[in-house]
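Structure, as structure tokens:
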């Protein structure tokens, strides 16, 4: 149900809340968690009116704050990891592409059942373009899902791969950097208080000296980190991630790690004395984003370098005070490998493609809708199909774009389909939370994270929709 005007929103709010001088007071949380919330979230995403969309987002975010749901930085928890005060778990960073409301609800249900607090929602720069989701929208959906499931406490939302495009940078460095800075500002305004800056695309392995190979990486990384520090809300230290090896390229090594971190930290201190440095470091260990599809559409096995992951994670903690190394491109790895990440003290692991595959592969997903999506993708993105690539390989790599191309249709699938797939996703979350040992991390979060309530501003919400 899409609202036609503000009066319709007001009538919905009267069912659970009062408004005095612009302040929302929740009178009946249970009524809020019913159909009213679902309607508000759908309007926050789909309503063609920027005003109604903005109001819906404002009220959802205001309600979340009053109910003790606070978008937060994970910096304090990662600082404790860097001091070796906390061990034995790996934080899952979960990319939200398709069926975002159902996926987020599944994550929160799992967290409540397992008493987990150390988990991250995230959206990459590239995902924003093909899923048609922006930070303000996704953070609203995440916080709305927390309300729906009764979760309280810090919620960690992350900008994943805020990445410099090497080709664009070579043509016009200033323009490319301005674009990333604007993205950072948009993320922070949307409640993304964790940001992974990816300048590893600028690493030049043709240089003979490892410092020179990493120079553009750490110099541009420092510039963007400074921009984060200049724009973070008062009282919040945004957790910033760095990266030394582009995923899918050469595996990382200790020399690269030290060259990057030593020079990054020296330059940041020189530019802003006392500034907080990055909290974690992403490395390359043999994976690729989405996996490598074979001609029949299945995914090739990966030879993951666990020794490198363990060694660089230990060095980054013991010598630099970081939480440890971050593993990207891991969701399509064999399930019997996931227990190794906490055993090796991997700080964080990024997971995306498997959730997408589960949605499309679910027996509940309508076959006719799937074929409609695939037909559109074959027509619109045919130029992206490489020579010799089978249709199965092309569809596997391209179907992520269906979430944006058919955004409205995904949101309007029946409750039975969406909630049924949500239950399947919840089973996967139960597995991941257990294997990554994040059960009972709620107390770690409570002890190490300071919640800073940043009130939503209606004007910003409306402007972000235009």
Quiz item: Just one of the numbered conditions (1) closer than 21 Å to residue 127 by Cβ; (2) at pLDDT 95 or above is not true of residue 416; which one?
Solution: (1)
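Determine whether residue 133 is in contact (Cβ under 8 Å) with a residue 12 or more places away in the chain, closer than 30 Å to residue 43 by Cα and surrounded by 18 or more Cβ atoms within 10 Å (Cβ to Cβ).
Answer is yes for this residue.
For segment 51-61, how many residues meet the condition of being under 24 Å from residue 442 (Cα atoms) and at pLDDT below 95? Steps first, please.
Going residue by residue through segment 51-61, those that are under 24 Å from residue 442 (Cα atoms) are 60-61.
Within this subset, residues satisfying the condition of being at pLDDT below 95 are none.
Qualifying residue count for the region: 0.
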Self-check item: Test: residue 2 is closer than 25 Å to residue 193 by Cα and either outside any helix (DSSP H, G or I) or without any contact (Cβ under 8 Å) to a residue 24 or more places away in the chain (or both)
Solution: no
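Results for (1) at pLDDT 95 or above; (2) part of a helix (DSSP H, G or I); (3) outside the structural domain of residue 108 (by TED's automatic domain parsing), shown as yes or no for each residue.
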position: 394; (1), (2), (3): yes, yes, yes
position: 400; (1), (2), (3): yes, yes, yes
position: 423; (1), (2), (3): yes, yes, no
position: 430; (1), (2), (3): yes, yes, no
position: 438; (1), (2), (3): yes, no, no
position: 443; (1), (2), (3): yes, yes, no
position: 456; (1), (2), (3): no, no, yes
position: 462; (1), (2), (3): no, yes, yes
Practice problem: Name every residue in segment 327-349 that is closer than 19 Å to residue 124 by Cα and at pLDDT below 95, in order of residue number. | Solution: 327, 328, 329, 330, 331, 332
Quiz item: For segment 355-369, does any single residue satisfy the condition of being under 23 Å from residue 153 (Cα atoms), in the same structural domain as residue 137 (by TED's automatic domain parsing) and touching a residue at least 60 places away in the same chain (Cβ under 8 Å)?
Solution: no
Quiz item: Of all residues in segment 5-21, how many are out of contact with any strand residue (DSSP E or B) (no Cβ under 8 Å at 6 or more places or on another chain), touching a residue at least 24 places away in the same chain (Cβ under 8 Å) and not in a helix (DSSP H, G or I)?
Solution: 1
Quiz item: Do you know which residues across segment 352-391 are within 24 Å of residue 119 (Cβ to Cβ) and surrounded by 15 or more Cβ atoms within 10 Å (Cβ to Cβ)?
Solution: 352, 353, 354, 355, 356, 357, 358, 359, 360, 362
Quiz item: Taking into account only those residues within segment 97-123 that are touching a helix residue (DSSP H, G or I) at 6+ places or on another chain (Cβ under 8 Å) and within 18 Å of residue 326 (Cβ to Cβ), which is surrounded by the fewest Cβ atoms within 10 Å (Cβ to Cβ)?
Solution: 119
Exercise. Name the residue, out of 389, 450, that is closer than 22 Å to residue 72 by Cα and in a loop (DSSP other than H, G, I, E, B).
Key: 450
Practice problem: Quick one: in segment 320-344, of everything that is in a loop (DSSP other than H, G, I, E, B) and free of Cβ contacts under 8 Å to residues at least 60 places away in the same chain, which residue is surrounded by the fewest Cβ atoms within 10 Å (Cβ to Cβ)? | Solution: 334
Self-check item: Residues (over 30 Å from residue 415 (Cα atoms) and part of a helix (DSSP H, G or I)) located in segment 66-100
Solution: 75, 76, 77, 78, 79, 80, 81, 82
Exercise. Examine segment 115-122 for a residue that is farther than 27 Å from residue 284 by Cβ, in the same structural domain as residue 444 (by TED's automatic domain parsing) and outside any loop (DSSP other than H, G, I, E, B), and state whether such a residue exists.
Key: no
Exercise. Kindly provide the set of residues from segment 414-426 that are over 20 Å from the mean Cα position of the chain (by Cα) and touching a residue at least 60 places away in the same chain (Cβ under 8 Å), ordered by number.
Key: 418, 419, 421, 423, 424
Exercise. Could you pull out the residue among 31, 25 that is in a strand (DSSP E or B), at pLDDT below 95 and not assigned by TED's automatic domain parsing to the domain that holds residue 430?
Key: 25
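The values are calculated or read from the model by the stated rules, or taken from the named source; none is laboratory data. Treat the numbers as computed from the prediction; the structure is a model and nothing was measured. All Cβ positions, glycine included, derive from the backbone under ideal geometry; neighbour counts span all protein chains shown.
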